[in-house]
1. Among the residues in the range 48-61, are any at pLDDT below 90, loosely packed, with under 13 Cβ neighbours inside 10 Å and more than 23 Å from the chain's Cα centre (by Cα)?
2. Within the range 117-164, work out how many residues are surrounded by 13 or more Cβ atoms within 10 Å (Cβ to Cβ) and in contact with a strand residue (DSSP E or B) (Cβ under 7 Å, 6 or more places away or on another chain).
3. Starting from the range 67-83, keep only residues that are outside the structural domain of residue 41 (by TED's automatic domain parsing) and modelled with pLDDT of 85 or more, then list their pairs with residues that are part of a loop (DSSP other than H, G, I, E, B) and surrounded by 12 or more Cβ atoms within 10 Å (Cβ to Cβ) whose Cβ atoms are within a distance under 8 Å, requiring at least 6 positions of separation or different chains.
4. Do you know which of the residues in the range 94-134 that are assigned to a helix (DSSP H, G or I), over 22 Å from the mean Cα position of the chain (by Cα) and free of Cβ contacts under 8 Å to residues at least 24 places away in the same chain is farthest from residue 63 (Cα to Cα)?
């Protein structure tokens with residue numbers, strides 16, 4: 001009997017997405033840094049806003065070692081570049097409130113700042129503007145839509161889709 005005959009024929013294999021595999025690998029790394037999930041790092045810009053996100057990056061959350069039922073809030077350690085540390089320090093109450101609101105509980109009680117260069121990600125270029133002639137051509141095909149505002153919005157959407 002060869003190897004091909006010994007394998008079960010009807011054994012179903014589940015495919016895994018890259019997000020599933022990478023998420024499991026990264027979860028352990030994030031948990032070592034005190035993060036319960038990667039969302040605080042990956043959504044930093046959305047949580048604290050563009051101004052603060054441009055000046056800082058979350059490094060880790062330091063938790064106290066108490067084993068009480070009501071754990072003490074942690075310390076969010078932020079990487080801040082040079083002179084921006086003073087500004088971030090003045091905004092610390094707002095940052096803590098936004099982070100806690102995002103997490104849904106009082107997870108962070110204070111900030112600790114570490115001055116170091118930020119890991120800059122390349123900025124995405126804004127999409128090119130919509131061509132008005134292309135929007136008019138798309139609008140000409142939408143004759144069944146009576147509402148002028150809706151027809152214009154759909155024409156701009158169609159032109160934006162076609163440009164990519």
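The values are calculated or read from the model by the stated rules, or taken from the named source; none is laboratory data. Computed from a predicted structure; not experimentally measured. As a convention, Cβ positions derive from the backbone with ideal geometry for all residues, glycine included, and neighbour counts pool all protein chains shown.
1. no
2. Total satisfying the criteria: 1.
3. none
4. That would be 133.
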